[in-house]
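Taking it in order: structure first as structure tokens, then the write-up.
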Amino acid sequence: MTQNVGTSYRVMVNDIRSLIESGRRNAYAAINQTAVFTYWHIGEKIVEEEQNGRSRAEYGKKMIRMLADELSREYGSAFSKRNLDYYRQFYLAFKDFEIVNARVHNLSWSHFRRLLSVANPEARMWYLKEASEQMWSTRTLDRNIGTQYYERLLINQQGKTVLPLPEKEKDDPREYIKNPVVAEFLGFRKDTRFDETQLEQSLINNLQQFVLELGRGFAFVDRQKHIHTDAGDFYIDLVFYNINLHCYVLFDLKTRQVTHQDVGQMDMYVRMYDDLIKLPEDNPTIGILLCAETSQDIARYSVLHGNEHLFASKYMPFMPTQEELRVEIEQQKRFFLEQHPDGADN
């Protein structure tokens, strides 16, 4: 009897799991479809209003800025000027709504936004069709566009050689709850748990407080700061502004050994922040790449476009030292592991 009850219970649990997974997939599909349609119609409204303006170019720029100021205050970052520009481009690139409607069942807004970077209309439509029919993930689409798959395919066809389609790579449907595009569309604040392991979250939580308690002019700005460029979406762990140095300070934490790619990524974050966020009166952005593997170099600075001497003499007195960071990270790792004796990944 006990065995029968146990078997029945496991069947029920598996059935409920299937219901939850199915419900989540359906919820994601519904949100995604609604978001894409909403953005397309917003783009349509913007273009129609521009065409009514007497001086289209200047009127359009001014109108989008005003619209972004008003909408982003009420509905959040999904309606920033940069995103409104994307919605306008989206409508212009796919004016036939039926094309969007036919593909939106398995393509997300991230897919469509990446397609906007393809200047050739024929190539753009080919990527759209293949991404939908082959069920490419956004990562696969990004890789194929970046490696000019369409152009290489044409060359191979002219040479009578068939270039095989790339291997399918599907997104995990469970990841929809972490998708920042979904969160932005729904107007949710960014969840600090997105894209972080438990150990990373614990270290970043305490690092945020540690930097603020240094008493060296740091003011907290943002966490998991989302920056979108044509190269993709990027998330910076912690962003501060130092009122003594008049500059932004970016922190990115790795719980594994730091690679050359990580260093290059931090340099890129600094350049992007200088180009997209920094005001003319601000000093150049400082980047700090941290490694939780404290047997390695604990901190690497990306500063002042390579002017290390000026950084060391003028800026370093306000920055946390490598020893301060090492002690803090080691202490927090010890606290975390004491509270999670079975391991940081549980």
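Looking only at region 84-106, which residues are touching a residue at least 40 places away in the same chain (Cβ under 8 Å) and under 23 Å from the mean Cα position of the chain (by Cα)?
Once the filter is applied, which keeps residues that are touching a residue at least 40 places away in the same chain (Cβ under 8 Å) and under 23 Å from the mean Cα position of the chain (by Cα), region 84-106 yields Leu84, Tyr86, Tyr87, Arg88, Gln89, Phe90, Tyr91, Val104, His105.
Those residues that are more than 17 Å from the chain's Cα centre (by Cα) and open to solvent by less than 50 Å² (accessible area, probe 1.4 Å), I need them from region 267-282; list them, please.
Of everything in region 267-282, those that are more than 17 Å from the chain's Cα centre (by Cα) and open to solvent by less than 50 Å² (accessible area, probe 1.4 Å) turn out to be Asp274, Asp282.
Give just the number: which of (1) in contact with a helix residue (DSSP H, G or I) (Cβ under 8 Å, 6 or more places away or on another chain); (2) modelled with pLDDT under 85; (3) open to solvent by less than 60 Å² (accessible area, probe 1.4 Å) does Glu200 not satisfy?
(1)
Please list, ordered by first then second residue, the pairs with beta carbon atoms under 9 Å, 6 or more apart or interchain, first in region 128-152 and at pLDDT 85 or above and surrounded by fewer than 18 Cβ atoms within 10 Å (Cβ to Cβ), second among the polar types (S, T, N, Q) and assigned to a helix (DSSP H, G or I).
Gln134/Thr140
Quick check: anything in region 64-72 part of a helix (DSSP H, G or I), touching a residue at least 12 places away in the same chain (Cβ under 8 Å) and among the basic types (Lys, Arg)?
Looking through region 64-72, at least one residue is part of a helix (DSSP H, G or I), touching a residue at least 12 places away in the same chain (Cβ under 8 Å) and among the basic types (Lys, Arg).
Mind listing just one residue for me: the one in region 56-72 that is over 16 Å from Arg82 (Cα atoms) and open to solvent by 90 Å² or more (accessible area, probe 1.4 Å) and, of those, modelled with the highest pLDDT?
It comes out as Glu58.
Do you know which residues across region 25-55 are over 17 Å from Phe94 (Cα atoms) and open to solvent by 80 Å² or more (accessible area, probe 1.4 Å)?
Those that are over 17 Å from Phe94 (Cα atoms) and open to solvent by 80 Å² or more (accessible area, probe 1.4 Å): Arg25, Asn26, Gln51, Asn52, Arg54.
Within region 251-266, how many residues are more than 17 Å from the chain's Cα centre (by Cα) and in contact (Cβ under 8 Å) with a residue 12 or more places away in the chain?
5
Only one of (1) aromatic (Phe, Trp, Tyr); (2) at pLDDT below 75; (3) open to solvent by 60 Å² or more (accessible area, probe 1.4 Å) fails for Phe318. Which number is that?
(2)
Under the condition of being basic (Lys, Arg) and within 21 Å of the chain's Cα centre (by Cα), which residue from region 111-127 is surrounded by the fewest Cβ atoms within 10 Å (Cβ to Cβ)?
To start, the set of residues in region 111-127 that are basic (Lys, Arg) comprises 113-114, 124.
Still in the list and also within 21 Å of the chain's Cα centre (by Cα): 113-114.
Details: Arg113: 21, Arg114: 23.
Here the residue is Arg113.
What do you reckon, is Gln257 of a type in the set (S, T, N, Q), part of a helix (DSSP H, G or I) and either at pLDDT 70 or above or closer than 25 Å to Asn206 by Cβ (or both)? Write out each step before concluding.
Values: of a type in the set (S, T, N, Q): yes; part of a helix (DSSP H, G or I): no; either at pLDDT 70 or above or closer than 25 Å to Asn206 by Cβ (or both): yes.
In short, no.
Within region 59-76, which residues are more than 17 Å from Lys45 (Cα to Cα) and out of contact with any Lys or Arg (no Cβ under 9 Å at 6 or more places or on another chain)?
Across region 59-76, the qualifying residues are Arg73, Glu74, Tyr75.
Quick one: count up the residues across region 1-24 that are modelled with pLDDT of 80 or more and touching a Phe, Trp or Tyr at 6+ places or on another chain (Cβ under 9 Å). Talk me through it step by step, then tell me what you get.
So the first thing to find is which residues in region 1-24 are modelled with pLDDT of 80 or more, and the list is 7-23.
Still in the list and also touching a Phe, Trp or Tyr at 6+ places or on another chain (Cβ under 9 Å): none.
The number of residues fulfilling the criteria is 0.
The values are calculated or read from the model by the stated rules, or taken from the named source; none is laboratory data. Worth saying up front: this structure is predicted, and the values here are computed from it rather than measured. Neighbour counts run over all protein chains shown; Cβ positions are idealised from the backbone, glycine included. Note: areas computed on protein heavy atoms with side chains; ligands, DNA, RNA excluded. Shrake-Rupley method; radii C 1.70, N 1.55, O 1.52, S 1.80 Å.
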